[in-house]
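Remarks on the structure that follows.
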Amino acid sequence: SIKICGEKNIEAAIVISAGFKETGAKGARFEQELKTLAKENKVRFLGPNCLGLIDTYSKLNASFAAGMPEQGEIGFFSQSGAMCVAILDWALGERIGFSKFISLGNKTDISEIDMLIALGEDENTKVILGYLEGVENGATFIQVAQEVSKKKPIIMIKAGVTSAGARAVSSHTGALAGSESAYQAAFRQSGIIRVKTVNELFNYALAFANQPLPKGPRVAILTNSGGPGIVAADACDQSALQLVRLNSKTAQKLRSFLPPVASIVNPVDIIGDAHFDRYDNALKVLLEASNIDAVIVLLTPTATIEVEETAKVVAKHAQKTKKPILCSFMGQLQVKKGVNYLKKHGVPNYLCPEDAVSALERMWQRQHWLSQPLSTYFPVQADRGRVRYLLEMAKRQGRFHLTETEAKEILMAYGFSFPQTKLARTKEDAVEAAKSMKFPIVLKVVSPNISHKTDVGGVILGLETPQEVEEAFEEIMLKVSEKVPKAAIYGVSVQEMIQEVKETIIGFTRDSQFGPLLMFGLGGIYVEVLKDVSFRIAPIGKREALEMIREIKTYPLLRGIRGEPPADVSALAEGILALNQMALDFPEIVEAEINPFLVKTKGCIAVDARLTIKKE
């Protein structure tokens, strides 16, 4: 069929058939033959193993889906045909409109990158939605997504985030699931709004498609019932939004027409006997307030409230204002007419107040992302010749784990500093080395076969006297030889112990789809337990390095608490950027880690370092 298309000058095709790489090696070979044949005949194709596509504006239904959705401004693509069928049926029931509806299948030719470009340029598409199982070209994906995100919001579900999900993805479409941390970093850096559920996907899409972005995070809540107002307030408090304090002018205006028992704080509770006119007047006042960026309107169907009239009031204000209005008309039967009116007039309504808060939070996060300049990458100076020599020497010796001494020398070539360190092969050497330094002292085993020294008893801290150093040397040798009898032990490193510092960790690994994945977090021996870390994909600039630092939960410790001086966060960022440069310079370094990376009030010191190179 593809060959016939080429002969007839047909430039595009849809291959809905299954039985390709998702079935195993034989199917993968068949799929490669299909790709080669299509290229030879200059035919671009969607699929295989896909549902097809729908274009509502050209009235095209080139799929085996039963229904045709209404016209809308949402462009949707999915790697799963079954997900397309389910979402399409749901959208038909909810009367949600689409511009394009596309099933990618195995993405042998046309991929998610092509979809982002096409939907980004499509004048009928205002919001882009996607269901993704894997990415073929991570660097290009980030670049394209960044460019498109500046024009339109991209909202995506990424499947295969757990090991079970990743296995299912592989058997489903033959895609590589990739690292969850890498996808999280890629989406963040490219401005993609990531969601976990289909419900969130469309909750957010309706908000972005119909309402303007808030200029800031300041929110007012308008309600006729205290309980839902409290729920919404709690949700705001746990989000990036701010429940704004009403100024005296706004409070005075509200007090002029609200009953004495009404609450003139935020949430503004106009109480249960409210009619639609009370909503009308209160909403007008809140939207006029200069310190309010968005309003969430809550309604419970009391005996006195005219639901449809209230919906008309809200829609009227939504059409006039440049501020977003999101609603939660709670219930079902009694609010149905009002909800339908809101939907028809482009005002998003949510079943629960917290869903409205969540959608508004994502709108604010997008506005904030759009306001940030793209991070600029500047090369870092380094002695690359020395690094190249050390790497080649290790390769010639057939070693893939560098010794600590080699790792430190490579890191020093990128500007890292280390405490005074000496290698001791005997306990006498260790004592002499310690005497030349300031106590307390740290001893650590030196072996190319041991990465995690603490796990095998290879680290002893806080040695105050030469006698303690001698005993510690003997203890390390005994414990390590018992736990790792085949390890080659070169001796121990003798170091001054750095005090009054904060322990952090910096490093990178290489993701199969996105390349160098940088990491920063709280360091020391508890890093794998606490997992308080952040990630970015290289290359990054200083702004993103600083964002990595501020993202961890324990960032307040670095700022300084209870009178402690703040840590040198700028120096921390420079350390991350140095590793960023190393990862770009030497693709053969597959893993690098400095733990702990000690940050002082001025400057940082690397203590332990591990580097692993690629097996040839």
> Quick one: length gained pulling residue 263 to residue 483 fully straight, 0.36 nm per residue minus the C-alpha distance?
Replying inline: 72.4 nm
>> Would region 489-616 count as rounded, prolate or oblate if I go by the C-alpha gyration tensor, calling it rounded below 1.5 in a/c and otherwise prolate when a/b exceeds b/c, oblate otherwise?
In response: oblate
> Nearest-5 percent of antiparallel DSSP beta bridges in the chain?
Replying inline: 60 percent
> Given a Förster radius of 45 Å and the C-beta distance between residue 376 and residue 319 as r, what FRET efficiency does 1/(1 + (r/R0)^6) yield to the nearest 0.05?
Replying inline: 0.65
> Taking the Cα centre of region 420-496 as the origin, how large is its charge dipole in debye, to the nearest 20, when only Lys and Arg (+1) and Asp and Glu (-1) carry charge on their Cβ atoms?
Replying inline: 340 debye
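Could you give the length gained on full extension between residue 386 and residue 28, defined as 0.36 nm per residue of separation minus the Cα-Cα distance, in nm?
Answer, rounded to one decimal: 124.5 nm.
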> Where does the charge balance sit around residue 266 when Lys and Arg score +1, Asp and Glu -1, over other residues with C-beta under 11 Å from its C-beta?
Replying inline: +1
> When you count, for each residue, the other Cβ atoms within 10 Å and take the mean per peptide, how do 183-196, 547-560 rank with the highest first?
Replying inline: 183-196, 547-560
>> Taking R0 as 56 Å, what FRET efficiency do you get between residue 147 and residue 426 from their Cβ-Cβ distance, rounded to the nearest 0.05?
In response: 0.40
> Calculated from DSSP H runs of 4 or more alone, at -39500 (n - 2.57) each and per residue, what is the 222 nm mean residue ellipticity of the chain, nearest 500?
Replying inline: -12500 deg cm²/dmol
> What is the sum of charges around residue 480, taking Lys and Arg as +1, Asp and Glu as -1, for the other residues whose C-beta is under 13 Å from the C-beta of residue 480?
Replying inline: +1
> What's the exposure ranking of 414, 389, 279, going from fewest to most Cβ atoms within 10 Å?
Replying inline: 389, 414, 279
> Amide H to amide H under 5 Å from residue 129: which residues, 5+ apart in sequence or cross-chain, H placed 1.01 Å off N in plane?
Replying inline: 75, 76, 77, 155
> Which loop-located chymotrypsin sites (Phe, Trp or Tyr not before Pro) does region 23-78 contain, where loop means any DSSP state but H, G, I, E or B and the Cβ has at most 14 other Cβ atoms within 10 Å?
Replying inline: 57, 64
> Roughly how many nanometres apart are two label points built 7 Å out from the Cα toward the Cβ at residue 121 and residue 584?
Replying inline: 2.9 nm
> Taking a quarter of the surface of the convex hull around the Cα atoms of region 420-496, what do you get in nm²?
Replying inline: 4.2 nm²
>> Can you give the local net charge around residue 358? Use residues other than it whose beta-carbon is closer than 14 angstrom to its beta-carbon, Lys and Arg +1, Asp and Glu -1.
In response: -2
> Given the pairs 323/553; 542/600; 150/602, which are separated by over 30 angstrom at their Cα positions?
Replying inline: 323/553; 150/602
> Taking 0.36 nm per residue of separation and subtracting the Cα-Cα distance, what length does fully extending residue 304 through residue 602 add?
Replying inline: 100.8 nm
> What label, among (1) 34.3; (2) 31.4; (3) 47.2, belongs to mean projected area of the Cα convex hull in nm² computed from the structure on display?
Replying inline: (1)
> residue 464 versus residue 490, label points 7 Å from Cα toward the beta carbon: distance in nm?
Replying inline: 3.2 nm
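Every number in this text was worked out from the coordinates using simple rules, so none of it is lab data. As the structure is a prediction and not an experimental result, all values here were calculated from the model. No Cβ is skipped: glycine too gets one built from the backbone with ideal geometry, and neighbour counts run over all protein chains shown.
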